[in-house]
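Below: one structure, written as structure tokens.
Values in this text are rule-based calculations from the coordinates and carry no lab data. The structure presented is a predicted model; accordingly, all values stated were derived computationally and were not measured. Backbone-built Cβ (ideal geometry, glycine too); neighbour counts: all protein chains shown.
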Amino acid sequence: MSTEALSPTTTKEKRGAKKTDAVTRFALLGGGSVHVAESHAVPLVSITIAFRSGSSSDPAGKEGASKLAFRMLRRGSRTHTAKEIEDELDRLGAELSTEVSVSSSALHGQVIERNLGGFINLLATLMAEPTFPEDEYERLRRETLAEIVEARDNDRSLAQQAFRREVWKGHAYARSTTGSNKTLAALTLDDVRAAYRTHFVQGNVALGFSGDVETPRAVELAERLAEGLAKGPRVPDPVGEPGRIPGRRLVFVEKPERTQTQILIGGLGTSPHDADHVPLSVANAVFGGSFTSRLMREVRSKRGWSYGAYARLAVDKQRQAFSMWTFPAATDAPACIALELELLEAFVSKGIGPKELSFIKKFLGRSYAFDIDTAAKRLHQGLDVEVLGLPADYYSAYLAKLDAVTVAQANAAVKVRLSADDVLVVVVGTAAELDEKVRSSIPRLAEHKVVPFDREE
Amino acid sequence: MPVAEVHHRIAAAVNATSKSSAFVHFLGQHAFGPSTVVRYGLSNGLTLLLLLDQSAPVVSYFTWFKVGSRHEKPGKTGLAHLFEHLMFNETTSLAAGEFDKKLEESGAESNAATWVDWTYYHESVPKDRLPLVVKLESDRMHNLVLRDAQVTSEKEVVANERRYRVDDDVEGAASELLYKTAFTRHPYHWPTIGWMNDIQGFTPEDCEAFYKTYYAPNNAVVVVVGDFNEKRLLELVRDAYGELPAAHVPPDDGHPEPPQLEPRTVEIKKPTATEKLLVGYHGPALGDAGHAPLTVLTEVLFGGRASRLHRALVIDGEICTDLRSWVSTFSDGGLYEIYATARTGKTIADIEAVLYPALARVRDEVVTDDELVRAKARLELGLLQSLETMGGKAEQIGFYETVLGDPGAAFQRLEAYRRLTASDLRKAARRYLVDRGRTRILVVPDGSVTEVGEAAQ
């Protein structure tokens, strides 16, 4: 990926530039930036308006404010009612969605190329001139409460929520992005307006265009979008480094009539700023990051216990989680948990071998072609670096760093960063039939609790 | 030189170096939007569809077999899907697990899918690894080894997949019941994943018989999209597949579904907080003239937040949380499905009080010009989105070839959408959205779940 920083006044000089697969970055007045990745293969343009802040900016007790603020953008602007916005999006052949995570947030749009101008006009007013109508706000709040109830039908989602709450207990990452019945009831429209004012400032935005658009036009359109925002600096990240919670803990999320369980096991993982970030990622891929990984082989291929068996290292601004995910039949759950813990112990104490390292390097190195095979993917690498504050060479030097990983580095990283002793086990299932057996399957269990699936502690 | 002549000459050059009785035949070209799909055939009946796309140095390779769950018999349901799993196992030249290892070592993305009419296998690889994919796919088309231990283990994996997708999933369970109820004689009556008892009863002999019947070059279509050399690829295919014998594929004997003369209703109780309604009307086959207008009508009624029923049931009426509709894309007439989730305190009766009058209205009155414009733009966007990757293009080409015998039909449908009038939509509504052909699945809470819990995101 090649990058260059140009002031907006010089962008016209780039009009005759040769088109390449590169992502080009331009600085915008006001502290923002725009990234462009051209591809004229399909007459579509994708636009991402990313912000360097997310739900961690919500004040304590006001969880859900940022997410509501983003969703309110399509509920009314100076020029359009909510209904008119939806009609216009469809007329243009456009889609618009919002994404709010703990550390960042974004508007994602896509439009048929011939309607790009109209889509930008609409986006500009949504971003810069939202009206936050009271009736629409109340409607959205009721909609969100209904979605919270509906999400309880999804067992995997229940496991993820419990894992987040418990693995980050006492830390900002434990807080909900959506909010809860309690916080949504307490939120006011002023809180939501305040959240909008926090995020939507010029210094906090990174825009991205990919697809069937010429770079100079993309830059001009980005300037228009950014100019409408209030002046203001990048929003600082209030989240600190999370700490490890000692001991083995079990949280059993009780749900009736389950024939299957959803199981997440994990603890602290990696930070993109760790010197051993790539070695740890490589070791994790051996352990549970591919279809032939240790976890998949032992749980699915040999025993047929779970349709999927994966280990994952999440990446965020601060250290994120390591987790193993399986979903065996209820009858196989205790044995599956015991096996996963044994595999984790062996992974932490003995690490990986040279043949495994050699194999996974080929897999990761060659499959990298699919991380950059579309303009949209190349664009998002550039935006990730900027929005999450990743090291500048996080993607551009990835293949070289991967190639340099040694067995000793990978195993040292596993020993330092992962633990088989300080782990959280989350099980969604029917406790009356399973709780005792699951407890027995976890040696040295220090803490245990059963939580009803439809209540938050 | 005419373009067709170029391909004739390439085929002649490939055949000139053939050391066997295997020959390649150029069979024609198909417009695929602005691109061209080239059709070749082998003497043994294998169909090969090629689309050159050099926008990234990768290749996507799909193998479609014209066999799905509609080709199964009662008592042996789920065999096509179980077999898809078994295709990743041992062959006469590759030990168990080696298939996946070789692909991963090459950086491949791979997957497979089975549905009512077809099964496909997919690999995307860096372009220099294409020869390996040709070799692996041709090998498992004829040389698979089916041992008892692997069949037993894979049956357990599929049983767990069924628990995940159906038994512990409210919508999955309702969808299975809808087809079971709406179809009484046609094989669409049973689910592609199969009934649990059938899954657990399969033997290696069942699998062997299925393999010999349906997995043969004359029942397969290979689609290659990406950056490849056409002559070199044809040579590879000739050498890898050319000697595989054709099979006698039995004629399709799926019993036609008799007309449904009375509405049908089934009620089930589930551990969920809110009521759900799933409605199915007998609809057209993908190749029927009524399919395109019914698809556009679906967008008018249910496509996105601006659609009539989303507005009435989700936004204005606040009766539903989730609302979706789909016209099945099967080779025989399937269902026009509507899925609606009631909000807390709302009932299925509340949903139906709005839904059926809205369906009656589109039988009586034509939709507005603006609604028609918006629906067509949404469908155009959807098609373009499906073409953003090589894999997306290969899937579209293979799907339409397998179901309709025309690899470029996606774009012809787009043209058909553009020509449709409001009268065409009304005609389709009158033909298909008839009360006597309606099947309703009512999902009601079993009382084990409270509606007032406190849950976070």
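Over 30 Å between Cα atoms: which of A:LYS255/B:LYS101; B:LYS66/B:LYS101; B:LYS76/B:LYS393; B:LYS66/B:LYS127 fall into that group? Beyond 30 Å between Cα atoms: A:LYS255/B:LYS101; B:LYS76/B:LYS393.
Residues of region B:135-177 falling in the label zone of B:GLU205, defined by backbone nitrogen less than 19 Å from a point 7 Å along Cα to beta-carbon, are B:145-153, B:155.
Relative to the longest principal axis of the Cα atoms of chain B, the long axis of helix B:409-419 makes an angle of roughly 40 degrees. Ranked for footprinting exposure by Cβ neighbours inside 10 Å, fewest first, B:HIS189, A:HIS199, B:HIS255 give B:HIS255, B:HIS189, A:HIS199. Over all other residues within a Cβ to Cβ distance under 14 Å of A:ARG52, the charged ones net out to -3, with Lys and Arg as +1 and Asp and Glu as -1.
Ordered by the number of other Cβ atoms lying within 10 Å of each residue's own Cβ, fewest first, B:HIS291, A:HIS273 fall into the sequence A:HIS273, B:HIS291. For chain A, the share of DSSP beta bridges that are antiparallel, to the nearest 5, is 70%. The label point for B:LYS73 and the one for A:ARG197, both projected 7 Å from the Cα toward the Cβ, are 7.4 nm apart.
Counting only DSSP beta bridges whose two residues both lie in region B:264-445, roughly 75 percent are antiparallel. For the peptide B:341-348, the mean number of other protein chain Cβ atoms found within 10 angstrom of a residue's Cβ is 3. Applying the criteria of a DSSP loop state and at most 14 other Cβ atoms within 10 Å to the chymotrypsin sites (Phe, Trp or Tyr not before Pro) of region A:350-457 yields no site.
Placing a label point 7 Å from the Cα of A:ALA60 along the Cα-to-Cβ direction, no residue of region A:91-124 has a backbone N closer than 17 Å.
B:PHE330: net charge of surrounding residues, Cβ under 14 Å, Lys/Arg +1, Asp/Glu -1, itself excluded? Working shown, then result.
Details: positive: B:LYS66, B:ARG70; negative: B:ASP117, B:ASP252, B:GLU257, B:ASP288, B:ASP332, B:GLU337.
Net local charge, B:PHE330 excluded: -4.
Obtain the nm distance between the two label points defined at A:LEU445 and B:THR213 by a simple spin-label model: each point lies 7 Å from its Cα along the Cα-to-C-beta direction. Roughly 4.8 nm, to one decimal. Relative to the longest principal axis of the Cα atoms of chain B, the long axis of helix B:3-16 lies at roughly 50 degrees.
Which of rounded, prolate or oblate describes chain A when judged by the alpha-carbon gyration tensor and an a/c cut-off of 1.5? Note, shape of chain A comes out oblate.
Take the Cβ atoms of A:ALA346 and A:LEU29, set R0 to 41 Å, and the FRET efficiency comes out at 0.15. Counting only other chain Cβ atoms within 10 Å of each residue's Cβ, the peptide A:288-295 averages 3.
Would you mind checking the tilt of helix A:215-227 against the longest principal axis of the Cα atoms of chain A, expressed as 0 to 90 degrees and rounded to 10? Value to nearest ten degrees: 90. Between A:ASP422 and A:ALA400, full extension at 0.36 nm per residue minus the direct alpha carbon distance yields a gain of 4.7 nm.
Each Lys or Arg adds one and each Asp or Glu subtracts one; over the other residues with Cβ under 13 Å from the Cβ of B:GLU205, this totals 0.
Taking 19 Å as the straight-line reach from the Cα of A:LYS449, the aspartates and glutamates in range (excluding those fewer than 8 positions away in the same chain) are A:ASP155, A:GLU166, A:GLU254, A:ASP421, A:ASP422, A:GLU433, A:ASP435, A:GLU436, A:GLU457, B:GLU454.
Between B:ASP446 and B:LYS270, B:THR272, the built amide H atoms are under 5 Å apart, and every one of these is 5 or more places off in sequence or on another chain. Please list, in order, the residues from region A:398-435 whose amide nitrogen is less than 19 Å from a point placed 7 Å along the Cα→Cβ vector of A:SER358. Answer for region A:398-435: A:402-411. Let a ≥ b ≥ c be the square roots of the eigenvalues of the Cα gyration tensor of the protein assembly as shown; is it rounded (a/c under 1.5), or, if not, prolate (a/b larger than b/c) or oblate? Since a/c stays below 1.5, the shape of the protein assembly as shown is classed as rounded. Subtracting the Cα-Cα distance of B:HIS8 and B:LYS269 from their residue separation scaled by 0.36 nm leaves 87.8 nm. Each helix, a run of at least 4 DSSP H residues, gives -39500 (n - 2.57); summed and divided by the residues of chain A, these come to -12000 deg cm²/dmol at 222 nm. Computed from the C-beta positions of B:ASP288 and B:GLU365, the FRET efficiency with R₀ = 22 Å rounds to 0.40. Just the number, please: percent antiparallel of the DSSP beta bridges in the protein assembly as shown, rounded to the nearest 5. About 75 percent, rounded to the nearest 5. Spatially, region A:225-241 and region A:395-457 are offset by 34 Å when compared through their Cα centroids.
Given their separation in residues at 0.36 nm each and the Cα-Cα distance between them, A:HIS40 and A:THR331 gain 99.5 nm when the chain is fully extended.
Of A:LEU123, A:LEU434, B:LEU383, the sequence from fewest to most neighbouring Cβ atoms within 10 angstrom is B:LEU383, A:LEU434, A:LEU123.
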